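*Asks:* Following this message is one structure expressed as structure tokens.
Laboratory data are not the source of any read-out in this text; all were calculated from the coordinates shown. Owing to the predicted nature of the structure, the values given are computational and were not obtained by experimental measurement. Cβ atoms come from the backbone with ideal geometry, glycine included; neighbour counts cover every protein chain shown.
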Amino acid sequence: MIRRHGPCATSAYDLASLLQDARVPIPESLELDLIKHYADLREVADSSFALDQFLHAYAIYGAQRVTKILGTFVRLDRRDHKPDYLRHLPHMRAYLRRNLSYPALAPLKNWFLMFVPDLFEGTP
């Protein structure tokens, strides 16, 4: 279990916000390299840094954030007639699939498979 407001949670949310940008697609390889770089620096600066807890928080907060943004972009299109936001959906959906691949999010992934199966269509 992660602490909601602990340093691991806060930094995980902040890093997910940077590396899963809503408007700029970040390739998965770059995201992973930057997570590793961040973790290496944190381990040097803080001997209590736990990578497994950080990755757990990163996946959870990343999934929450991306889901919220997906909903916001669809709302902006449908309610506010701003379809330009829809061009960001493909890479946001890719971020969500990345986050849902984390084992702790298996129940949520199963929910998406049941109710939003097109999220996974055409993916390995």
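*Asks:* Where residues in the range 40-64 are surrounded by 18 or more Cβ atoms within 10 Å (Cβ to Cβ) and within 14 Å of residue 105 (Cα to Cα), which of them is nearest to the chain's Cα centre (by Cα)?
*Replies:* Here the residue is 62.
*Asks:* Could you list, in sequence order, the residues of the range 56-100 that are under 13 Å from residue 17 (Cα atoms), free of Cβ contacts under 8 Å to residues at least 24 places away in the same chain and not charged (D, E, K, R)?
*Replies:* The answer is 64, and nothing else.
*Asks:* Checking the conditions here, which among 35, 69, 26, 60 is assigned to a loop (DSSP other than H, G, I, E, B) and hydrophobic (A, V, I, L, M, F, W, C)?
*Replies:* Result of the check over 35, 69, 26, 60: 26.
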